[in-house]
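Worksheet for the structure shown next.
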Amino acid sequence: MSGSFELIRPLAGANFGGLLRATGAVGAAAVVRAAEAEPAALPQALAECGGLLLLPGMEEMAEAPELLLRLSRLFGPEVENYRETGMAPNMVHATVPEIFLVSNTPPALRQPPPMPDPPLTADGRLPVQFPHRRGWHTDQSYRRPPPDVSLFLAVIPVPQGQGQTLFADASAAYAALSPTMKARIEGLEGLHISSGAGRKRDAVLAGGTPRVLAPHERPQRQPLVRVHPVTGRRALYMCEYGQMDWLEGPIAGMEPGPHGEGGALLEALMAHATRPEFVYVHEWTRGDLVVWDNRCTVHAATWFDAARERRLMWRTTVSGNPGAAYAGERKSWIAAE
Ligand SMILES: [Fe+2]
C-alpha cells in the first residue's frame with residue numbers, strides 16, 4: 001500500500017488477514033494521527049485482506065481510550081454507545097460507554113468458554129473446527145442492522161497458548177462451496193438471537209417452557225449469504241449453537257429445532273467455514289489491536305485458566321454500513337415510541 005502504512009498479508013499461519021504497520025510512526029498516538037491523515041487507508045486495508053487486520057503496539061490506548069475511539073471512527077459512520085444497545089451495565093466501561101469490557105475480573109466477571117473435549121485434535125493441535133470448537137459467532141447478529149466492524153484491544157491478555165481468538169474467513173468459505181450448495185442457500189435467512197434469550201441449542205434440548213420475549217429480544221432474520229457493501233463479495237453470515245434461535249430456527253422456513261433440517265444445514269455450513277484452511281489463530285500480546293469485519297468473518301474465543309489469570313480486553317463496534325438488505329431500517333433493539 002502507498003502512504004504511511006505497510007500491509008503484510010496474509011497473517012502468519014493463515015490464508016487471509018493482514019498485519020498493518022505505520023512506516024514512520026511509533027506508538028498509538030502517532031499511528032492514529034497518521035491514520036486520520038489518510039482516512040481511507042485503514043478501511044481499505046481491512047477490505048483488501050478479507051476483513052481482518054492486526055495492529056501491534058497500541059498499548060498506549062489503554063491509558064488514552066480516546067485513541068481507540070478515534071481509530072474506530074475511521075471504520076464507519078457510528079461508534080456504538082453500549083448504554084444504548086441493551087448491554088448489561090457491568091460490561092460497559094465506566095466512563096467511556098463506547099467500550100465493551102471482555103474480562104474475567106470485576107465488574108464484567110465473564111468466564112471464558114470451556115476447554116474443547118478432547119482438548120487437542122488427533123494431531124495435537126488447537127481445535128478450531130466446529131463442532132469440536134464451539135462458540136463461533138459474528139458480533140451482535142441478534143440486532144438489525146447488525147454492527148459492521150469490531151476493534152479488540154489487548155489491555156491485559158493472558159499468556160500465549162491460551163485465551164486465543166480464532167477468526168474464519170467467511171468469504172473464502174462461501175467461495176469454496178459447491179455450486180449446488182450455493183444455489184441451495186441463496187436467499188435463505190438465519191434466525192439470530194442473544195444467548196440470554198433461552199433459545200440456544202442446549203437450552204432447547206433441555207426442554208421446558210420457552211419464556212416470553214420482549215420485542216427487543218425477538219429473533220432477528222439475517223441473510224445467510226451476505227453481500228459485502230464495500231467489496232461486493234458474498235460471505236456466509238451465521239453463528240452456531242449459542243447465538244441462533246434453535247426453537248423457531250435456526251433457518252427460517254426450514255424444519256426447526258436441534259434435530260431439524262435447518263439445524264443440520266447450519267451445522268454443515270459452520271463445519272465447512274471453520275476448516276483449518278479458513279482459520280487464523282491469534283495469540284495475544286499486550287497492545288495488540290485486532291480489527292475484524294463482522295460482515296464477512298466469524299470468530300470464537302478459547303479457554304484460559306481463569307482461576308490463575310486475569311484478562312481484560314476492550315472492544316468497540318462500528319456500524320452504519322450494513323448493505324442494501326438493511327436500507328432504511330430502524331434499529332430493532334430500540335423500542336418504538
Ligand atoms: Fe465476539
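Among the residues of region 246-272, those identified as among the charged types (D, E, K, R) and part of a loop (DSSP other than H, G, I, E, B) are Glu248, Glu255. Could you go through region 48-56 and let me know if any residue there is touching a strand residue (DSSP E or B) at 6+ places or on another chain (Cβ under 9 Å), among the small types (Gly, Ala, Ser) and on the phi < 0 side of the Ramachandran plot. The answer is no, given that none of the residues of region 48-56 is touching a strand residue (DSSP E or B) at 6+ places or on another chain (Cβ under 9 Å), among the small types (Gly, Ala, Ser) and on the phi < 0 side of the Ramachandran plot. Taking every residue in region 130-143 that is part of a strand (DSSP E or B) and pairing it with any residue that is more than 10 Å from the ligand (Cβ to nearest atom), at least 6 positions away or on another chain, the pairs with Cβ-Cβ distances below 8 Å are His137/Glu240; His137/Gly242. The set of residues from region 154-169 being within 14 Å of the ligand (Cβ to nearest atom), surrounded by 22 or more Cβ atoms within 10 Å (Cβ to Cβ) and within 12 Å of the chain's Cα centre (by Cα) comprises Phe167, Ala168.
One line per residue, one yes/no per condition, for (1) more than 16 Å from the ligand (Cβ to nearest atom); (2) surrounded by fewer than 21 Cβ atoms within 10 Å (Cβ to Cβ):
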| site | (1), (2) |
| --- | --- |
| Val79 | yes, no |
| Glu84 | yes, yes |
| His93 | yes, yes |
| Pro107 | yes, yes |
| Met115 | yes, yes |
| Pro119 | yes, yes |
| Arg125 | yes, yes |
| Gln129 | yes, yes |
| Tyr142 | no, no |
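Pairs are defined by a Cβ separation below 9 Å, a sequence spacing of at least 6 or placement on different chains, a first member in region 290-311 that is over 13 Å from Gly50 (Cβ atoms) and of a type in the set (Ser, Thr, Tyr), and a second member that is within 15 Å of the ligand (Cβ to nearest atom) and not in a strand (DSSP E or B); the pairs so defined are Thr302/Pro112; Thr302/Pro113; Thr302/Arg133; Thr302/Gly135; Thr302/Gly163; Thr302/Gln164. The residues in region 114-157 that are among the aromatic types (Phe, Trp, Tyr) and under 21 Å from Leu55 (Cα atoms) can be counted, and the count is 1. Here the condition is being of a type in the set (A, V, I, L, M, F, W, C), within 16 Å of the ligand (Cβ to nearest atom) and touching a helix residue (DSSP H, G or I) at 6+ places or on another chain (Cβ under 8 Å); of Leu67, Leu151, Leu55, it holds for Leu151 alone. When you go through Glu267, Glu283, Glu277 one by one, which is the residue that is over 16 Å from Asn15 (Cα atoms), out of contact with any Phe, Trp or Tyr (no Cβ under 9 Å at 6 or more places or on another chain) and modelled with pLDDT of 95 or more? Among Glu267, Glu283, Glu277, only Glu283 is over 16 Å from Asn15 (Cα atoms), out of contact with any Phe, Trp or Tyr (no Cβ under 9 Å at 6 or more places or on another chain) and modelled with pLDDT of 95 or more.
Screening region 163-222 for helices (runs of 4 or more DSSP H) wholly inside it with 1 or more residues that are charged (D, E, K, R) returns the ranges 179-185, 201-206.
The values are calculated or read from the model by the stated rules, or taken from the named source; none is laboratory data. Nothing here was measured: the structure is a model prediction, and the numbers come from that model. With ideal geometry, Cβ positions are generated from the backbone for all residues, glycine too; neighbour counts draw on all protein chains shown.
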